[in-house]
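See structure below.
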Amino acid sequence: MTATETPVLNTLADLTALSMERCTLAPRELMLARIAALIAVDAPPVSYIANAGAAADSGITEDDLQALMIGVAPVVGTPKVVAAAGNIFRALGFAIIAAEAEMAGMAEAADAAQ
């Protein structure tokens, strides 16, 4: 799929970039707020994937995610925090599968070039 074939994803990426550009929060605080919002709305795994790069780039760690879940649990409730943990793990699994597929494709291309 090319960029021209993904207008929805392109629009979401543009909105995210614009939000990050115009927000006065530091990148780390912004990403913590975004992840808290994802937990609050019971976001699917792909939503966490869409924010994973920016979260990692801003220095958010696994410990930060755990602390964030503990912090929002009294407000959003245990079921949403448990669902978020599962969705984050699924997102991580999807990311690993995608990375492995990309590496396999690169290896095949390198073999074909020889």
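Structure summary
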{"quantity": "Checklist (1) over 19 Å from V8 (Cβ atoms); (2) at pLDDT 95 or above applied to V41, failing item", "calculated": "(1)"}
{"quantity": "Per-region count, the stretch 25-41, residues over 14 Å from G71 (Cβ atoms) and loosely packed, with under 14 Cβ neighbours inside 10 Å", "calculated": "3"}
{"quantity": "Failed item, numbered, when A84 is tested on (1) modelled with pLDDT of 90 or more; (2) among the hydrophobic types (A, V, I, L, M, F, W, C); (3) open to solvent by 40 Å² or more (accessible area, probe 1.4 Å)", "calculated": "(3)"}
{"quantity": "Some residue of the stretch 11-26 being of a type in the set (D, E), at pLDDT 90 or above and within 25 Å of A99 (Cα to Cα)", "calculated": "no"}
{"quantity": "Test: residue in the stretch 64-78 that is within 19 Å of A95 (Cα to Cα) and not polar (S, T, N, Q)", "calculated": "yes"}
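The values are calculated or read from the model by the stated rules, or taken from the named source; none is laboratory data. Since we're looking at a predicted model, the values are computed, not measured. Cβ sites come from the backbone with ideal geometry, for glycine too, and all protein chains shown count toward neighbours. Side chains are part of the model used for accessible areas, which takes the heavy atoms of the whole protein and leaves out ligands, DNA and RNA. Shrake-Rupley method; radii C 1.70, N 1.55, O 1.52, S 1.80 Å.
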